[in-house]
Amino acid sequence: MASAPGRVQGKVALVTGGASGLGRSHALALAGEGADVTVFDLGDSHRDAEPGYALSRQAELDATIADVRANGRRALGLTGDVRNQEQLDAAVAATLSELGRIDILVANAGIALMAPAWEMPREEWDLQLGTNLTGVWQSCKAVIPHMIERQYGRIILISSTLALKGTKGFAGYAAAKAGVAGLGRALAVELAEHRITVNSICPSTVPAGSGRGLAYRHGLDFDSLLKDMLDFQAIQVLLEPIDISNAVLFLASDEARYLTGVVLPVDGGTSAM
């Protein structure tokens with residue numbers, strides 16, 4: 001008996017920040033459910049985007065692309081910085097040329113820095129806002145004209161539970177991620193007539209991505225940092241990347257075809273505390 005088609009079978013997805021961490025998980029989950037995937041990440045260039053700790057490199061991008069292809073899907077690995085509109089526009093153009101269209105955008109690229117708001121240097125504030133908010137807007141800006149032309153699209157923005165409740169030391173990050181949620185709501189209304197849905201996901205702490213680098217940068221023990229963050233979570237278990245990726249899959253699928261403007265916490269009850 002033939003296997004059932006995946007939830008995003010035959011679709012094409014663009015995932016920013018997809019070489020490692022949560023982005024890699026999203027890319028592989030989409031591929032596993034039948035999507036072809038473009039992964040956009042820094043590669044070995046654009047190191048001025050690093051927030052004082054190492055972000056993904058070309059080897060990780062190559063490994064993610066190989067794993068997408070191992071799922072039997074087409075894959076395209078492209079390098080660039082989400083703060084650069086021209087590089088995002090070029091990535092969209094390359095995806096359209098190689099893969100034919102873009103049905104799904106997962107605007108995942110992000111960084112985190114920690115400092116009291118009044119002590120944070122302006123360059124750290126700008127880097128977080130530029131990557132986490134302006135980069136999300138520019139990613140959307142790059143794909144929306146194509147989606148309007150096709151009268152179809154699923155846009156999924158990765159925000160954070162820190163957008164929903166206050167936490168010491170993360171004013172810049174929280175401001176950017178709250179902006180992402182607001183951007184998603186506004187875009188949902190603007191794009192509804194074009195049958196394009198826009199939703200945001202707010203994950204709590206996941207032991208992937210920038211958390212370990214953030215702990216290293218500030219001389220903190222990563223395991224202790226995770227334990228402290230769990231104190232704010234109703235279900236005292238760390239989420240895994242696939243828990244967030246499952247929400248991405250749902251919002252990208254026809255199961256969620258009439259959900260738009262949603263800000264979805266996937267947080268073990270953090271936002272309820």
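The values are calculated or read from the model by the stated rules, or taken from the named source; none is laboratory data. Not measured: the values here are computed from a predicted model. Note that each Cβ is placed from the backbone with ideal geometry, even for glycine, and that neighbours are counted across all protein chains shown. The area values use the complete protein model at the heavy-atom level, side chains included, leaving out ligands, DNA and RNA. Shrake-Rupley method; radii C 1.70, N 1.55, O 1.52, S 1.80 Å.
For the range 32-133, what is the convex hull (Cα atoms) projected area averaged across all directions, in square nanometres?
Approximately 7.2 nm², given one-decimal rounding.
Within the range 24-52, name every residue whose backbone N is under 15 Å away from a label modeled 7 Å from Cα of Ala90 along the Cβ vector.
Flagged as within label range: 40-47.
What distance in nm separates the two pseudo spin-label positions at Trp118 and Asp48, each 7 Å out from Cα along the beta-carbon direction?
3.2 nm
If we sort 46-55, 101-110 on the protection proxy, mean other Cβ atoms within 10 Å, highest first, what's the order? Each step should come with its number before you reach the end.
Details: 46-55: 15.3, 101-110: 25.8.
Order by mean packing, descending: 101-110, 46-55.
I'd like to check one number: the per residue accessible area of the chain, probe 1.4 Å, reported in Å² as a whole number.
So the chain comes to 44 Å² accessible per residue, rounded to a whole number.
Please report, as a whole percent, how much of the solvent-accessible surface of the range 105-196 comes from carbon and sulfur atoms (probe radius 1.4 Å).
Values: 2220 of 3860 Å².
Within the range 105-196, the accessible surface is 57 percent carbon and sulfur.
In whole Hz and in residue order, list the ³J(HN,Hα) couplings for the range 19-30 that follow from phi through the Karplus curve 6.51 cos²θ - 1.76 cosθ + 1.60, θ = phi - 60°; x for Gly and Pro.
Along the range 19-30, the couplings run 7, 8, x, 4, x, 4, 4, 5, 4, 6, 5, 5 Hz.
Summing +1 for each Lys or Arg and -1 for each Asp or Glu, what net charge is found among the other residues whose Cβ lies under 14 Å from the Cβ of Ala93?
-2
Can you compute 3J(HN,Hα) from phi for each residue in the range 133-148, using the Karplus curve 6.51 cos²θ - 1.76 cosθ + 1.60 with θ = phi - 60°, rounded to whole Hz and x for Gly and Pro?
Per residue, the Karplus-derived 3J(HN,Hα) values read 10, 4, x, 5, 4, 5, 4, 4, 4, 6, 9, 4, x, 5, 5, 4 Hz.
Within the accessible area of the range 206-273, what % is carbon and sulfur when the probe is 1.4 Å and the other protein chains stay in place?
Percent of accessible area from carbon and sulfur atoms in the range 206-273: 56.
Under the rule of at least 5 residues apart or a separate chain, name every residue whose amide H is placed under 5 Å from the amide H of Leu105.
Leu14, Arg154, Ile155, Ile156
Per residue of the range 34-51, what does 6.51 cos²θ - 1.76 cosθ + 1.60 with θ = phi - 60° give for ³J(HN,Hα)? Whole Hz please, x for Gly and Pro, Karplus curve as stated.
These are the phi-based 3J(HN,Hα) values: x, 8, 7, 9, 9, 10, 10, 8, 6, x, 9, 9, 6, 6, 5, 7, 6, x Hz.
Would you mind estimating how fast the chain diffuses translationally, via Stokes-Einstein at 25 °C and 0.890 mPa s with the Kirkwood radius over Cα pairs, in µm²/s?
Answer, rounded: 133 µm²/s.
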